[in-house]
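The values are calculated or read from the model by the stated rules, or taken from the named source; none is laboratory data. Given the structure is predicted, the values throughout are model-derived calculations rather than measurements. Neighbour counts run over all protein chains shown; Cβ positions are idealised from the backbone, glycine included.
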Amino acid sequence: MRLPSLKNLQLAQKLTFFLCLIFALGTIANGTFVHNTVNQAAQQEISSKAIMLMETMNAVRDYTSNNIKPQLKDKLVTEFLPETVPAFSAVTVFQQLKKNSEYKDFLYREATLNPTNLSDKADQFESKIIDSFRNDSKSKEKTGFIENATQGNVFYIARPLAVSKHSCLECHSTPAAAPPSMIAKYGSKNGFNWHLNEIIGSQIILVPAQKILSNAQHLFYSVMATTITLFGLATVMIYFWLQRQVVNPITKISTAVEGLSMGNNFIKFDSNRQDEIGLLTRSIDKLGISLQMAFNRIKIKK
């Protein structure tokens, strides 16, 4: 079935077509803009939280390394104190933070391929991140979304952990060089043979994103519902205004002119409109009067 050409449609049909087209295009364009804006805002909110927590954990690590460990260094000979390990301090502080209901579903890991404490061993996902840092030493941060079986959509931010100081090798070069108290606690099989500047792990923070993204989705639907309603009302109002102000007057003029051409009495419009339709009706009035006078003269001559 062939659709009728636009040139074969009546003016009202053309107006309806173009108004619907404008309505559809406007809705799509606005929907795309709103969707992108809302999603970007949601991702920015999630990313900001993750970065803030990451910087906080780095501050804890630095404080432990620069202030706590030097004070307790002598005790490490006879007693291993995990509080002197930056990773332990950061994880412990984060566990305290998780007691706040706002952060209870957040996760902080210092995952390592060859850790001293096996609870820090990287899982499959973490190992891929660490390998990507090892393969691209210039990369300083990775972010993205992953699906979690319990939390749904989760945002992660990861940064490489490298052996940046010779002091780190005191515990992780060889078992012979490590403090005896550490060997007694964790054994001599894991966490050794590290090298200076080697990337041995990654800091990873997981931020539950499902709630924030869901709120963004609800906001998108609300904005779109309002937009569609306003666009729809505007389209209907424009349609009826055009019908009343343009289509109906032109239809009346056409009917009057057609009647005049068949010899019917001409009906004067007496339009007070100052727009183009008013100009047209006054011109038609003059033409109708002129034709009526011509018809009357012809009748008199007969």
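Scanning segment 108-152 for residues that are assigned to a helix (DSSP H, G or I), of a type in the set (D, E, K, R) and either touching a Gly at 6+ places or on another chain (Cβ under 6 Å) or closer than 18 Å to Val207 by Cα (or both) yields one hit, Glu126.
Within segment 194-231, if we keep just the residues that are small (Gly, Ala, Ser), modelled with pLDDT of 85 or more and in the same structural domain as Leu107 (by TED's automatic domain parsing), the residue that is nearest to Thr174 (Cα to Cα) turns out to be Gly201.
When each of Asn67, Asn39 is tested for being in contact (Cβ under 8 Å) with a residue 40 or more places away in the chain, in a helix (DSSP H, G or I) and among the polar types (S, T, N, Q), the lone residue that passes is Asn39. The residue list Ile130, Ile146 contains one member that is out of contact with any helix residue (DSSP H, G or I) (no Cβ under 8 Å at 6 or more places or on another chain), hydrophobic (A, V, I, L, M, F, W, C) and either within 22 Å of Lys69 (Cα to Cα) or surrounded by 12 or more Cβ atoms within 10 Å (Cβ to Cβ) (or both), which is Ile130. Number of residues in segment 25-35 that are loosely packed, with under 14 Cβ neighbours inside 10 Å and at pLDDT below 85: the value is 0.
Can you spot a residue in segment 116-127 that is under 28 Å from the mean Cα position of the chain (by Cα), over 15 Å from Pro82 (Cβ atoms) and of a type outside the set (Ser, Thr, Tyr)? Checking segment 116-127: at least one residue is under 28 Å from the mean Cα position of the chain (by Cα), over 15 Å from Pro82 (Cβ atoms) and of a type outside the set (Ser, Thr, Tyr). Residue count for segment 198-229, restricted to those that are within 30 Å of Asp136 (Cα to Cα) and among the hydroxyl-bearing types (Ser, Thr, Tyr): 1.
Rundown of residues vs (1) assigned by TED's automatic domain parsing to the domain that holds Phe106; (2) under 36 Å from the mean Cα position of the chain (by Cα); (3) modelled with pLDDT under 85; (4) surrounded by fewer than 16 Cβ atoms within 10 Å (Cβ to Cβ), yes/no style:
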site: Ile22; (1), (2), (3), (4): no, yes, yes, yes
site: Met54; (1), (2), (3), (4): yes, yes, no, no
site: Arg61; (1), (2), (3), (4): yes, yes, no, no
site: Thr64; (1), (2), (3), (4): yes, no, no, no
site: Lys73; (1), (2), (3), (4): yes, no, yes, yes
site: Leu76; (1), (2), (3), (4): yes, no, yes, no
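Return yes when Phe80 is over 20 Å from the mean Cα position of the chain (by Cα), surrounded by 15 or more Cβ atoms within 10 Å (Cβ to Cβ) and not assigned by TED's automatic domain parsing to the domain that holds Phe106 and no when it is not. Spelling it out, it is not the case that Phe80 is over 20 Å from the mean Cα position of the chain (by Cα), surrounded by 15 or more Cβ atoms within 10 Å (Cβ to Cβ) and not assigned by TED's automatic domain parsing to the domain that holds Phe106.
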